[in-house]
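For reference, the structure discussed in these notes is given below.
The values are calculated or read from the model by the stated rules, or taken from the named source; none is laboratory data. All values reported here derive from a predicted model rather than from experimental measurement. All Cβ positions, glycine included, derive from the backbone under ideal geometry; neighbour counts span all protein chains shown.
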């Protein structure tokens, strides 16, 4: 059982996991790249971290580096989930220990978008529950021919149902981002909007 008595121990554990994964995947990590895993402007870090940071700013692309480390984090974490319950617990203890301070490695962990076991399942079940409630409600309204306009003015009914539909769409969108991943959902949304815009332009040109 991993017990981290300081942020230093937590960070060293995570760095060791990332470096080990890089070695397994034959992904080269220079000395500067390894040192940047320790970068922070608060809390413990390497004695020469500012020199390493200057070298990094001069010789490396920050976005490429963060993507590279995020990929290693995802692979290392997935491997740990399959192979070692103790290491899995160590990951989350270390991550939560570093949340108390501002650490660069925490930024890349967020980019990697790793989640505790069961998180995605719970979110998926929540989304399915909401969708089921919407479908069930729609079925009951149709089956029993319930007309909301009988119970409230037509304008209020329109505002009410529009607001309700907007809330459902927003909830579904947020859950989808959490389950599938923000980047994939953004790409899908962008494609759908582009396709819709092309369709509208085509119809406008024909009319």
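What to note about this one:
- Taking (1) surrounded by 14 or more Cβ atoms within 10 Å (Cβ to Cβ); (2) at pLDDT 95 or above in turn, residue 61 satisfies each apart from (1).
- Filtering segment 41-58 to residues that are crowded, with 18+ Cβ neighbours inside 10 Å and in contact with a helix residue (DSSP H, G or I) (Cβ under 6 Å, 6 or more places away or on another chain) leaves 52, 56.
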